[in-house]
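See below for the structure under consideration.
The values are calculated or read from the model by the stated rules, or taken from the named source; none is laboratory data. Keep in mind that what you see is a predicted model, and the values were worked out from it rather than measured. Here Cβ is always computed from backbone atoms with ideal geometry, including for glycine, and neighbour counts include all displayed protein chains.
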Amino acid sequence: MGSVEQSAGRERLWSVPVAVSEVSEAGRHFDLVADAATRAAIAAHAGIVGIPRFVASFDVTRQGRSGLRVVGQVSATVEQTCVVTLEPMENEIVEPVDLAFTPASGPAAQQAEVEIPVEDAPEELVGGVVDLGAIAIEFLVLGIDPYPRRPGAVFEAPESRQDEPAGPFAGLAALKRGQTPG
């Protein structure tokens, strides 16, 4: 989930690491709530006005001997600006999460004859740890509408005036016809 890191070597925006050794065979449940400072940092990272509410609920279970499966939901209220009216607005985001993590593969695993489609391939579990905060941020950002529009907002193009040239070469066309450009 390196896509949510600010840059290599720096802290993540929201980090909730869970090691494979911390998850029993029965699994563990996590209810995460981002604090105000975390929500502000994530809003700045995502390029939106604000995030008044950001929660995640995950069930983490063992996946084989040394892997993990994360199933749950990310839910948030995001403040954005309507692309039509430029007025502030709120959007609700609910994103389901279902990810499998397996240990980083070595050269022997790369030589396996079984091919797994990319969309079904498990995520890489680095150092035996999965970061639930990074997963929550990634799914939140994926759920943000890049062009938010208030309900009922309709874009109306400005009316063109009849006495204005129709385009950048309208003046040249008028000269060619023997008229003086307006």
Item to check | Hits in the stretch 40-61 - residues which are over 15 Å from Pro146 (Cα atoms), of a type outside the set (Val, Ile, Thr) and either touching a His at 6+ places or on another chain (Cβ under 8 Å) or surrounded by 16 or more Cβ atoms within 10 Å (Cβ to Cβ) (or both) | outcome: Ala41, Phe54, Ala56, Ser57, Phe58, Asp59
Next on the checklist: Please verify whether Ala108 is assigned to a helix (DSSP H, G or I), modelled with pLDDT of 95 or more, farther than 30 Å from Glu156 by Cα and out of contact with any Leu (no Cβ under 9 Å at 6 or more places or on another chain), treating the condition exactly as stated.
Outcome noted: no
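For (1) surrounded by fewer than 14 Cβ atoms within 10 Å (Cβ to Cβ); (2) small (Gly, Ala, Ser); (3) part of a strand (DSSP E or B); (4) at pLDDT below 90, each residue gets a yes or a no:
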residue: Glu95; (1), (2), (3), (4): no, no, yes, no
residue: Leu99; (1), (2), (3), (4): no, no, yes, no
residue: Glu113; (1), (2), (3), (4): yes, no, no, yes
residue: Tyr147; (1), (2), (3), (4): yes, no, no, no
residue: Phe155; (1), (2), (3), (4): yes, no, no, yes
residue: Gly167; (1), (2), (3), (4): yes, yes, no, yes
Checklist outcome for this item: Scanning the stretch 17-38 for residues that are touching a residue at least 60 places away in the same chain (Cβ under 8 Å) and part of a strand (DSSP E or B), the one farthest from Arg53 (Cα to Cα) turns out to be Ala19
